[in-house]
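First comes the structure, then the notes that go with it.
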Amino acid sequence: MISDDIVGNRNTWEMTAIPGGIIEWVDSQAATSILEGLPIVSSVSPKSLRDLSLTDPIKIDTLNLTLTYKPLSYEYQQQIMSFHSAHTPLLQFLQTDAFLYEEIGNTCTTLFFESNANELVGFCSTKCSSLKVKGRKIISLCPSVEVAALCIDDHYRYLGIGQAIFNHTIQQIYKIQTMVGVQLITLFALPEAAAFYQKFGFRKLENGMNVLYISVHKCCIPMYFPLPHIPIRQ
């Protein structure tokens with residue numbers, strides 16, 4: 001449970017899709033105490049995620065399947081247009097918006113292929129974002145990486161491929177954390193996918209947390225995962 005001191009009437013939480021902005025530190029010590037109060041679900045160990053051994057390509061032993069991952073490119077236009085998903089907004093994003101978003105620096109999309117058939121089985125898009133914290137006369141933006149889109153081809157769902165791709169994505173975010181300040185991973189989950197992300201330790205934004213939606217998020221559940229602190233070498 002999140003303590004009432006964190007999400008009570010004195011504080012308002014907002015997830016914003018707008019990266020950057022002005023950070024106003026009225027009381028940096030108080031802000032630190034608020035951020036340190038963010039819970040990390042004990043059922044999923046951040047250390048175990050950090051220590052994931054991910055090879056290039058990604059091997060899923062239970063399926064005897066190997067995935068290769070490549071950056072978004074017009075070279076794969078044929079595979080992209082052959083991608084199938086019942087989730088129309090995600091399919092539309094991949095086939096019509098992903099290239100533009102990549103070119104203007106809004107998202108970065110990685111494509112995942114089944115190695116033998118060179119068939120596109122899934123994609124994941126990430127972007128910079130922030131979690132706005134208001135409380136005790138403090139306004140601060142917690143730097144975060146948002147998993148903006150994660151989708152598996154309908155023919156490859158329920159095989160553990162989504163978990164493998166998400167594991168890979170989390171590992172890449174941990175690498176970013178060693179170069180750029182990142183405190184959280186955020187995402188907007190489809191209702192039927194919320195339980196999937198909860199297995200990774202993600203939490204729903206609930207009481208006292210206000211969310212800034214865009215149209216594509218209307219049916220989604222905002223979720224977040226606090227990254228562990230990075231110990232500084234002595």
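The values are calculated or read from the model by the stated rules, or taken from the named source; none is laboratory data. As the structure is a prediction and not an experimental result, all values here were calculated from the model. Positions of Cβ are generated from backbone atoms using ideal geometry, with glycine treated the same way; all protein chains shown enter the neighbour counts.
Key figures for this structure:
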| item | result |
| --- | --- |
| Count of the stretch 56-70 residues which are of a type outside the set (Phe, Trp, Tyr), part of a strand (DSSP E or B) and in contact (Cβ under 8 Å) with a residue 40 or more places away in the chain | 7 |
| Test: residue in the stretch 131-148 that is part of a loop (DSSP other than H, G, I, E, B), of a type outside the set (Lys, Arg), modelled with pLDDT under 90 and within 14 Å of the chain's Cα centre (by Cα) | no |
| Residue that is surrounded by the most Cβ atoms within 10 Å (Cβ to Cβ) [pool: residues in the stretch 83-123 that are free of Cβ contacts under 8 Å to residues at least 60 places away in the same chain and assigned to a loop (DSSP other than H, G, I, E, B)] | THR107 |
| Residue count for the stretch 71-82, restricted to those that are outside any loop (DSSP other than H, G, I, E, B) and within 22 Å of the chain's Cα centre (by Cα) | 2 |
| Single unsatisfied condition, ASP153 versus (1) of a type in the set (D, E, K, R); (2) farther than 23 Å from ILE58 by Cβ; (3) modelled with pLDDT of 85 or more | (2) |
| Selected residue (only one of PHE123, PHE112, PHE166, PHE196 is farther than 24 Å from LYS218 by Cβ and either at pLDDT 90 or above or not small (Gly, Ala, Ser) (or both)) | PHE112 |
